[in-house]
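Trainee: One structure follows; several queries about it will come next.
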Amino acid sequence: MGGKSVRRFTKTEKMQLIERFEIHLNNRRNMLINQTKNSPADIENKLRRRLDRVLRKLWDVKMKDVLDLEREQKVNIVSLIKDVEEYKKLSRDGSGNV
């Protein structure tokens, strides 16, 4: 059957190969454990950076109010906070008209 011969490992070579794989396995396992330990902190940092990009005035504005306002009128980003506050005030008063 043709030219390829299968290389046979000695017992010593097999043991060395197994040791290298176990070392690699342990290194990989430790790296993954460290990543999972750091993951919550990384996610928290990412969320904090995103939050820092949001204007402080918009922190108290609820998405529901923005969507309701958007259905009623064309939203202008410059006057969004004022418009949402007026919309909430009018909807609390029960007038329903914006």
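What follows draws every value from the coordinates through simple rules; no lab data is involved. The structure presented is a predicted model; accordingly, all values stated were derived computationally and were not measured. Note that we place each Cβ from the backbone using ideal geometry, even for glycine, and neighbour counts take in every protein chain shown.
Trainee: Could you calculate the contour length gain from Thr36 to Val6, that is, 0.36 nm times the residue separation minus the distance between their Cα atoms, to one decimal place in nm?
Mentor: Values: separation 30, 0.36 × 30 = 10.80 nm, distance 4.14 nm.
6.7 nm is the gain from fully extending Thr36 to Val6.
Trainee: Quick one: how many lysine pairs does the chain have with C-alpha atoms less than 29 Å apart and a gap of 8 or more or different chains? Give me the count, please.
Mentor: Value for the chain: 20.
Trainee: Which value does Rg/Rh take for segment 9-53 over its C-alpha atoms, Rh per Kirkwood?
Mentor: Values: Rg = 19.2 Å, Rh = 13.2 Å.
Reported Rg/Rh (Cα atoms, Kirkwood Rh): 1.45.
Trainee: Can you tell which of Lys11, Lys37, Lys88 shows the greatest fluctuation in a Gaussian network model of the chain with Cα springs below 10 Å?
Mentor: Ranking Lys11, Lys37, Lys88 by mean-square fluctuation puts Lys11 first.
Trainee: Using the 10 angstrom Cβ neighbour count as an exposure proxy, how do Glu85, Glu44 rank, fewest first? Kindly include the intermediate steps, with their values, before the conclusion.
Mentor: Details: Glu85 14, Glu44 10.
Neighbour counts put them in this order, fewest first: Glu44, Glu85.
Trainee: Can you run the Rg to Rh ratio on the chain? Use alpha carbon positions and the Kirkwood inverse-distance Rh.
Mentor: Values: Rg = 31.1 Å, Rh = 19.9 Å.
Here the Rg-to-Rh quotient is 1.57.
Trainee: Show that you can apply the helix-only estimate: for the chain, add -39,500 (n - 2.57) for every DSSP H stretch of four or more residues, divide by all residues, and state [θ] at 222 nm to the nearest 500. Intermediate results must be reported in sequence, preceding the final value.
Mentor: On the way: 3 runs with 66 residues, N = 98.
Result for the chain, helices only: -23500 deg cm²/dmol.
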